[in-house]
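Here, each number is a calculation from the coordinates, and none is a lab measurement. Model, not experiment: these values are computed from the prediction. For neighbour counting, all protein chains shown are included, and Cβ atoms are generated from backbone atoms with ideal geometry for every residue, glycine included.
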Amino acid sequence: MEHRYIGKPLLRLEDRALLTGTAQFIDDIKLPGLLEAAFVRSPHPHALIRAVDFSPALALPGVHAVFGYDDLRRVLTSDMIPTDKTGGDRFPATTWPVVVPKDETCFAGEPIAIVVAESRYIAEDAVSLVEIDYEPLPAASDCRQAAAADAPKAHRAAPGNVVTEFSTAYGDVDSAFVAAEHVFSVALKQHRGGAHSIEGRGIVASYNGASGEFTVWSATQAPHKMRNGLMELFGLDEDGVRIIVPDVGGAFGGKNVVYPEDAIVTAAARLLGQPVKWVEDRREHFLAAIQERDQYWDLEIATDGEGRIAGIRGKIIHDQGAYTMLGLHTSHNCSIGIPGPYVVPHYRIDVAVVETNKVGAIPVRGAGYPEANFAMERMLDAVARGLKLDRAVLRQRNLIPAEQMPYEHPMKTREGTPTIYDSGDFPRCQAQALAGADYETFNERRVRAREQGRYLGIGIANMMKVTGRGPFESATVRVGRSGRITAFTGAMAMGQGTGTTLAQICAEHLGVSPEDVTVVTGDTSVTLHGLGGYGSRQTVTAGNSMDQAAREVREKAIKVAAHSLEVAEQDLELADGEVRVRGSDVAMPLSAIAKALSGAKGYSLPKDVTPWLQANVNFRPPDVTYANGCHVVEAEVDIGTGGVKILRYVIVNDSGKLINPLLAEGQIHGGTAHGIGNALFEWMGYDENAQPVVTNFAEYLLPTATEVPRFEVTHLEHESTLNPLGLRGIGEAGTVPAAAAVISAVENALESFGVQICEAPISPKRLVELILQAKQAH
Amino acid sequence: MTDRRRIALTVNGLQRDGEVEGRLLLADFLRHHLGLTGTHLGCEHGVCGACTVLVDGQATRSCLMLAVQANGRSITTVEGLAPDGEASHPLQAAFHERHGLQCGFCTPGFLMTLVEFLEENPEPDEAAVREALSGNLCRCTGYQGIVDAALQASASLRETSGQ
């Protein structure tokens, strides 16, 4: 069927407010009597809190309150932040995040108390007047050392720093290694920094003393998670906390949990009976917003004489930080994400999750898959080097052939169900990317450049990312009495163009334009349940819910019109906001149908329709679905300075059917730029005592317009068989293979020196070091 | 801290005045005293460029300038780009048409940076645009839509001024 809107690169409906400065972000919320908060944060990575004295701060004019543990605890049902403890029954109790530490702070930047004042300026003045008597304790910093039995403990009461150890395995890997012709080892140091949306976190909490209910504005990715967390902390039901999410200035994983600050600001509003606002500044984002951080990988790969993979085994040590804020999502994804689009018959990865005195580590865009991809692609480059094979040929040899799709992978998903790649053509994807990047003629370019003293390299990475995770997402399509169409969803818009995408799907079925559909995200009072934005899931889940809900509304409108107009349903069509008899001007506007269905006098309704012209659908995907892609990068390395310049960046991505190819391409661009940051720039540093040494954008480098190249993107659209629209996710697809592809290109450029790169990010300084070391070794 | 001064300045063509603390940032004055919340703060240390406004026509970080320093100056913010309040400035139109924004938080800073740049460089190439934008951070777009929008806007501005 030819679509009018689905699949079309429509311009966004969100843009006007954002371009004219009239959008409303969290710091733009105004309420009568609104007070502003600042936090007293621990300067120590690990310390006992012996005594607090708020009196000098309270004496400052304009200060309304300073609250610490004892004050806040009076209105909270627990010391702990409600968090997903799935599978965590064998974890030490000390690992779960606290609202405010009672007597022991476990990372530098941890909130100890909140100051509420007339303005943020005064609140910050007062923060410096709060006196806290700390007794510093030894800190766990490097996760490798922290794993040792005699290492300083991140929490005094913990049995040790190893939160848990687990293995992801299938087949008989050790036998496969014994039988294999070749074995190659790779040891990797991987690091991903923070989320760093340009808007930080933020919250405005207000408490209605008469009703005992909260209204909370929050810059969050997951409004229902926020609602659920706060209602639990205050002993309320779903009706007791309403979360409203204004425009969100990016998130990328950094706004996907209930943070201590959320609980504390809400408690302060409750204690004061006055609304309180806190907006994170960048330094606070460095100190106290989640990061993905450090991992150390020891891997072996076994192959036959032609480089066909026989097995992979190895170990990961993962820096979890001081608290387990979102289960084992990152580390588990690392352990299952390695094989991706390749055939790997035997497999075992052992993971040690280790606490350190740093802020909790949870997924940033990509969620462990970029690290897994980096590991796999680094191993493949090592195999190619060892067996003197072309890297593309080696990969082609190991990719799952198209004729084996759908492919049941021996890996189990996070839920323990079989991993099934339902669609895609991985060899074609790589072949197309190589052709697009003129891979065949690269050597000529390299030789010409070398004649000018320049070092060029080319890198390849194939990726696979789990997307579209359920268990459901909600959508309600409603035609109001005015005839206006509103679509409500638990999916969360935070810049992706979710409003436009969902409006396109809705309009497709209702005979209107997308601009006639108002999409409402981020309000728990109108959408009771939802999961929100993470894991490249929303278009897959909410999109299919919206598709079915709009179809149901259409059917209902036609049924009612057929009844009223006394014509057969098949003679009716929906167009221009009315249901009309084909080929005539007899019509019934949607507004009249909506009125009839909401109880207008004088209309009779067919017996078998429910009231209201609306439908609610919570599409439950039968399984996750996967995005795949291939990135080919051509880069130049300045061997004197270590500077890397990306010359070409070719992407072939397959996220199934695209609702809006323009916005899909934007997701790939942004995601890939994030991965380039992880390859070359972004480093969240701590010293050996776990003190952060990177706290601003001069020390932490985000990629800018001069480092990010022009992307050449092609989409394949192998439709998923697991949902009616054929969608596979896209939000993280660009991020996953970017660091692997970029660093493969850099290593390739330095091939003549014998440089091997086993870390990300890699700085110019480090590259020069590696070049010098390699020169000395030869 | 109680040091307060009267200031008078022009903002988006209108005469505005206020009594402010000496330490008040220009960004906070615009946002919270004048209600012009289109100017955003992304880092408050002068790197991200989200808070960029025009001060006497020059792109300036309003997080690195005090409100009192703006006394007697003329400020243009994103709200002043198009007189009708619609997104009708060629840059705004181009950002929309070339998908030059996603979350939109950094966008006002990019727009104001480009206003000055395109006035001084009416016919830039891509490399010059990228260089001009290298002081503004965007985490969503990977910059390509922004660069394309800037190039498109420069063409339409040339067309307009040529007529």
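When each full DSSP H helix of chain A is screened for a Cα extent of at least 24 Å along its own axis and an average Kyte-Doolittle hydropathy of at least 0.0, the helices passing are A:661-680. With R₀ set to 51 Å, the beta-carbon distance separating A:E566 from A:E403 gives a calculated FRET efficiency near 0.40. As a calculated quantity, the FRET efficiency between A:D638 and A:V393 at R0 = 22 Å, using C-beta atoms, amounts to about 0.15. May I ask which of A:K153/A:K765; A:K30/A:K255; A:K315/A:K657; A:K315/A:K465; A:K358/A:K645; A:K153/A:K315 have a Cα-Cα span longer than 25 Å here? The answer is A:K153/A:K765; A:K315/A:K657; A:K358/A:K645.
Restriction of the trypsin sites (Lys or Arg not before Pro) in segment A:73-160 to DSSP coil positions whose beta-carbon has at most 15 other beta-carbons within 10 angstrom yields A:R74, A:K85, A:R90, A:K102, A:R156. Sequentially through segment A:634-643, phi angles give Karplus couplings (6.51, -1.76, 1.60; θ = phi - 60°) of 10, 9, 10, 10, 7, 6, x, 9, x, x Hz, Gly and Pro residues having no value and appearing as x.
Across segment A:156-171, computed HN-Hα scalar couplings (Karplus, 6.51 cos²θ - 1.76 cosθ + 1.60, θ = phi - 60°) run 3, 7, 6, x, x, 8, 7, 5, 6, 10, 8, 10, 10, 8, 7, x Hz from first to last residue, x flagging Gly and Pro. For the protein assembly as shown, the convex hull spanned by the alpha carbon atoms encloses 190 Å³ per residue.
For A:K559, give me every one of the aspartates and glutamates with a C-alpha distance below 14 angstrom, ignoring sequence neighbours fewer than eight places off in its own chain. By straight Cα distance, A:K559 reaches A:E569, A:D571, A:E573, A:E578, A:D608. The gain in end-to-end length when the A:N696 to A:E165 segment is fully stretched comes to 187.8 nm, 0.36 nm per residue minus the alpha carbon separation.
For chain A, what does the helix formula give at 222 nm: sum of -39500 (n - 2.57) over DSSP H segments with n ≥ 4, over the residue count, nearest 500 deg cm²/dmol?
It lands at -8500 deg cm²/dmol.
Would you please give the FRET efficiency between A:D304 and A:R450, computed as 1/(1 + (r/R0)^6) with r the Cβ-Cβ distance and R0 = 56 Å, to the nearest 0.05? Computed FRET efficiency for A:D304 and A:R450: 0.95.
Averaged over the residues of A:698-706, the number of partner chain Cβ atoms lying within 10 Å of the residue Cβ comes to 6.
The residue among A:H563, A:T524, A:A154 whose Cα reaches farthest toward the positive pole of the charge dipole of the protein assembly as shown, with charges on the beta-carbon of Lys, Arg, Asp and Glu, is A:H563.
About the Cα centre, and with charges only on the beta carbon of Lys, Arg (+1) and Asp, Glu (-1), how big is the dipole of segment B:4-80? Nearest 20 debye, please.
Working: 8 positive and 7 negative charges, 31 e Å.
Dipole of segment B:4-80, to the nearest 20 debye: 160 debye.
In summary, the convex hull built on the alpha carbon positions of segment A:696-778 has an orientation-averaged projected area of 8.8 nm².
Among B:40-47, B:10-17, A:197-204, sorting by the average number of other beta carbon atoms lying within 10 angstrom of each residue, highest first, gives A:197-204, B:40-47, B:10-17.
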